[in-house]
Each structure stands twice: as structure tokens, then as C-alpha cells.
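Report on the following structure.
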Amino acid sequence: MDPVAAQYEAYPYPARDPAAEKTRLIVGSPSNLPELNHYLFAGRRDFTRPFRALVAGGGTGDAAIMLAQQLADASGPGGDAGEVVYLDLSAAARKTAEARAEVRGLDNISFHTGSLLDLPELDLGSFDYIDCCGVLHHLEDPPAGLAALAAVLAEDGGLGLMVYAPYGRNGVYPLQAMLRQLAGDLPLAERVGLAKRLIAGLPETNAFRRNPFLGDHRRGDAELVDLLLHARDRAYTVPELAELVTGAGLAPIALVEPARYRPETYLAAPAVLKRLAALDWLDRAAFAERLAGNVKKHVLYAASTGTPETRVAAPEDPEAVPLLFDLEGPALAKAVQRDLTLKAEFDGLTLRFPLPRLAPAILQRIDGRRSLGAIHEELHALDASLDWTDFLAQFRETFAALNGINRLFLRQPPS
Ligand SMILES: C[S@@+](CC[C@H](N)C(=O)[O-])C[C@H]1O[C@@H](n2cnc3c(N)ncnc32)[C@H](O)[C@@H]1O
């Protein structure tokens, strides 16, 4: 058996307890429905209409469960508009994913065991959206894997990809090499024991020990195996990822969280920023990744056609509805009122984003239902001098900060 397949058969990843579905839904990037709508469909996708999603290398089911639940919720009671196809090499991982779907009573997922490399022959149809999270970097031939995904993508479809990034994983690869040297010939369970002993005694100068933002191995054995005893794993810089994606005939559309890929998030020197402003968005992202040095993984939305300008929702129209993710508008308004600053922490770095004067009043009114036009009307009633252009400028600044940390998306009327 292929060593990667054997690993995930023995240690399905991530470890999940199906009973936990009774109490919580795991929502994350890529593939959170409002997020993928924002980045790939300009916020205009109508999820009451048929929508087919493939989760390629679905593991123990996080993305398949999230998408199936969100699609079921979006299409309403009795609706069967959204359909999820789960595919993974590991029968053990599939078992957990199926058990999770059963606990939730989801009947809009079909489960398949097999390799994504065989997709063009599997006859599963074409897909409006493909999630491939943490999988391509484990393939012997990642370009062949992405080509197989591209072959089953619908004409205007999009993908949400996650691959490892090198700088934030500083220390991982030397430790992986040491563990291969030390115990590569032993059964995996024994290697887990030896790895724990080795980690416990790493010298202070060791790069893995000096990287405090790598904690997966502490969560459990499956996580330790995935991080340190992987049979095959590589990391991609932004330019390497862009090359992988364009090599498959796809267009890179957006990196998430956007603010982490903007040099101005970290720098203030006008002379430096002026030179960087001339670069295109992917070159600026490559610079920001090198500059911050703490990005452990990239989430990239890509598409078969279009550009960031045509595919990503932008705050322009009064009909656009802003949606906060994992935040409540009124609570957030209160939190930022005093110093008009949004704070966020990413892998050890605290970032501060200045907000405009009207940010609290705008955030107070964001509830996932009110449109920008409706919010403007309410504020205009309080201050008759606030015209649409001034309001939009204030909203755009607020949006840049919150969308930058991936907490604010836009939904638009379906076209
Ligand atoms: C790190 S896990 C990620 C699981 C899931 N996508 C997530 O993010 O939670 C990688 C998964 O990819 C699967 N995998 C690896 N190579 C594959 C292939 N060629 N075809 C399908 N699945 C594959 C593994 O079995 C494993 O379940």
C-alpha cells in the first residue's frame, strides 16, 4: 500500500468524535459557504439552486460536513439543492465522516473511497466547487492531482485549496528528517513513541523548539503523525503555489486571510510601500509572506475562469449585504468604539488596523440581512449630510480591515 494511504488508514486525520456533531459545527477555511461565495462567485451564487461540491481528500469529514450542513440550511426544509461528494483514499477516515453525517441527519453527501487522481475516470460528474484542503502537498505528483481536479471543475467553477507554507513551519522539516533517520524503518506506532521522546529533549537552539506556533503534535497522535512522521509532505511559497495553480490552467483568485498577504499590514515606511505598490497582488503576497515569516499554510481560492476583479465581491452596490463571520455586529461595535482599532492575532503577531469614524455605527447595523443601502439610509436619517459616496468610503475602510482578517464577506443579489 502507498505509505500515505497506509498512514491515513492507521491514523485518520483529523481525529474527530462523531458524537460532538450534536453540539457544534466546525466552520473553517476554505469552503465556509459565505466565504466561498464571496471569493469565487462575487457573492451572487444562489444556494437554493442546484450546487455540486466535491471534497477531494475529505479525511474525517470537516469540510464535507460543514458544506453539506450549510447547503442544507441554505436550501431550506425539504430542499435538496446542494449536494456534496466526498472522496478519500482512506476507508477509516470515511467511516468517521459517514458517522458524523449520520449524527447530523445529513442526506446530501455521497461517500466514495478512491484516489482523486482517478477523478476523470470515476464518473462523478462535474462540480461547481472543489475543496482540496491539506491534500495536494502529500501527493507524489501534485500537478497531476490538481490537473485531475481541474478536469472535473464546471466551466465557471472554483476551488478552495489549502497547502502548507514553509516559513511558518520552520523547524518541521529538519525534525521530520531526523525522525526518518532515527526510526524510518519501524512501525508507525513505535515511531510515535520515539518522536515524543525526541521532542521532549530537543535542545533550546533547535528550530522546531524555537517555533512556538507549531502545536498540532500536542493535540493527539494523529496530529503528531501528520506534522512530524508524514510519509510525504512539502510546503509551497506563494510563487510556487501560483505556479502550481496556473500550471493546471487555473487562475489564482484570492489568498485568505487577505491582510496577511499585504505588505502594508506590517510596514509603514512610505518609500518602501511606494515601490511595493507597483507590484501585482501575487508578488506583493510573496513579499508579505517572506516579511511576516509566520505563515504556516496558504488558503487559496482559484477558478477556471476570471480574475480577482471579476470573481471577488467588492463593496460597490447599495444592494450588497455585509455578513460577519463568527462576530456579532453590536458587540464588535462596542469593542472598537473607544480607540477605533481592530486587533487580530495571527501566529504570534498582533496586528492593529485603524478603523474610520463611522465604523462602530456601521458595524452595529451589520446583521446579515440589512443591505449597504439600508445601513446608509439609517445613518443618513441621523446625519442628513452623509451622502452615499461618503458612507461608501467609510464602509470600504471598515470592510478592508474586517475582510482582511476574513471576518466580513458580501452577499449580492443573484445575477
Ligand atoms: C491531512 S488530511 C486532510 C483531510 C481533510 N481535507 C481536512 O482538511 O480535514 C489528508 C487526506 O487526504 C487523503 N488523500 C491523500 N492522498 C489522496 C488521494 N490521492 N486521493 C484522495 N485522498 C487522498 C488522505 O487519506 C487524508 O484523509
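Computed from the coordinates by the stated procedures, all read-outs in this text should not be read as laboratory data. Since we're looking at a predicted model, the values are computed, not measured. Note that each Cβ is placed from the backbone with ideal geometry, even for glycine, and that neighbours are counted across all protein chains shown.
Here is how the numbers come out for the structure above:
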item	result
Subset tally (residues that are touching a Pro at 6+ places or on another chain (Cβ under 7 Å) and in a helix (DSSP H, G or I)) for segment 247-272	1
Near pairs, Cβ below 6 angstrom, 6+ apart or cross-chain, from segment 232-258 (under 14 Å from Phe287 (Cα atoms)) to any residue that is in a helix (DSSP H, G or I) and not small (Gly, Ala, Ser)	Val238/Glu289; Ala242/Leu282; Leu255/Tyr261
Any hit, segment 47-57, residues being buried (at least 22 other Cβ atoms within 10 Å of the Cβ), outside any helix (DSSP H, G or I), within 19 Å of the chain's Cα centre (by Cα) and more than 9 Å from the ligand (Cβ to nearest atom)	yes
Options Gly114, Gly220, Gly158, Gly125: the member that is within 16 Å of the ligand (Cβ to nearest atom) and either touching a residue at least 40 places away in the same chain (Cβ under 8 Å) or surrounded by 15 or more Cβ atoms within 10 Å (Cβ to Cβ) (or both)	Gly220
Residue match in segment 321-336 (condition: over 30 Å from Ala374 (Cα atoms) and in contact with a Pro (Cβ under 6 Å, 6 or more places away or on another chain))	no
Pick from segment 136-155, criterion small (Gly, Ala, Ser) and more than 10 Å from the ligand (Cβ to nearest atom), ranking: nearest to Ala254 (Cα to Cα)	Ala150
Filtered residue count, segment 387-408, keeping only those that are over 25 Å from Pro30 (Cβ atoms), touching a His at 6+ places or on another chain (Cβ under 9 Å) and touching a residue at least 12 places away in the same chain (Cβ under 8 Å)	4
When residues of segment 1-35 are limited to those that are of a type in the set (S, T, N, Q) and crowded, with 21+ Cβ neighbours inside 10 Å, the one farthest from the ligand (Cβ to nearest atom)	Asn32
Candidates Ala91, Ala63, Ala165 - the one that is in contact (Cβ under 8 Å) with a residue 60 or more places away in the chain, over 16 Å from Leu250 (Cβ atoms), within 14 Å of the ligand (Cβ to nearest atom) and within 20 Å of the chain's Cα centre (by Cα)	Ala63
Count - residues of segment 83-109 that are in contact with a strand residue (DSSP E or B) (Cβ under 7 Å, 6 or more places away or on another chain), over 17 Å from Leu149 (Cα atoms) and among the β-branched types (Val, Ile, Thr)	1
